[in-house]
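Working notes for the structure below.
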Amino acid sequence: MSNWAALIDVLSVAGSRLSDGEPNASGTVWFFEPDTNTPVNVYSDAAASAIVTAPVTLTEGGLVSDADYPDGIFVTQPIRLLIQDVDGETVSDFTYI
């Protein structure tokens, strides 16, 4: 494992939005190997020492909870980021590098 990790800034700064522009309130985020459904570890710290359990539920503003993840969520490899709304419908599905 690497001794560094990169912040998934889209979850902490911009947040997830629905197609109508509203925040993806109470949506969920899943983390997989690119082009697969194989789960990968993500972390709550830049040292990649504390594993986050998926899925992560977003706040009413469509962001990662500051209370649960004050530093954000971090990765040590490219990942497939699958974001769904509260009904389980896909909002976005892309590889985050």
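The table below gives the values:
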read-out	value
Unique residue being in a loop (DSSP other than H, G, I, E, B), under 13 Å from residue 15 (Cβ atoms) and more than 11 Å from the chain's Cα centre (by Cα) when the list is 87, 66	66
Members of the stretch 26-40 found to be surrounded by 17 or more Cβ atoms within 10 Å (Cβ to Cβ) and either out of contact with any strand residue (DSSP E or B) (no Cβ under 8 Å at 6 or more places or on another chain) or not in a strand (DSSP E or B) (or both), listed by number	27, 40
Matching residues in the stretch 65-82 - criterion: being aliphatic (A, V, I, L, M) and open to solvent by 10 Å² or more (accessible area, probe 1.4 Å)	67, 82
Odd one out for residue 48, checked against (1) aliphatic (A, V, I, L, M); (2) over 10 Å from the mean Cα position of the chain (by Cα); (3) open to solvent by less than 40 Å² (accessible area, probe 1.4 Å); (4) within 13 Å of residue 25 (Cβ to Cβ)	(4)
Among (1) farther than 16 Å from residue 12 by Cβ; (2) modelled with pLDDT of 95 or more, the one test that residue 97 misses	(2)
Pair list, Cβ < 6 Å and 6+ apart or interchain, from the stretch 76-94 residues that are more than 20 Å from residue 61 (Cβ to Cβ) to residues that are open to solvent by 70 Å² or more (accessible area, probe 1.4 Å) and not polar (S, T, N, Q)	78/97
Cβ pairs under 8 Å, 6+ apart, first in the stretch 42-63 and at positive phi, second buried (at least 20 other Cβ atoms within 10 Å of the Cβ)	48/5; 48/74; 62/16; 62/24; 62/27
Any chance residue 13 is closer than 16 Å to residue 96 by Cβ, of a type in the set (Val, Ile, Thr) and surrounded by 15 or more Cβ atoms within 10 Å (Cβ to Cβ)	no
Selection from the stretch 47-59 of residues that are within 14 Å of residue 84 (Cα to Cα) and part of a loop (DSSP other than H, G, I, E, B)	54, 55, 58, 59
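The values are calculated or read from the model by the stated rules, or taken from the named source; none is laboratory data. Please read these numbers as outputs of a predicted model, since none were measured by experiment. Please note: Cβ atoms are built from the backbone with ideal geometry, for glycine as well, and neighbour counts cover all protein chains shown. Calculation scope for accessible area: heavy atoms of the full protein, side chains included, ligands and nucleic acids excluded. Shrake-Rupley method; radii C 1.70, N 1.55, O 1.52, S 1.80 Å.
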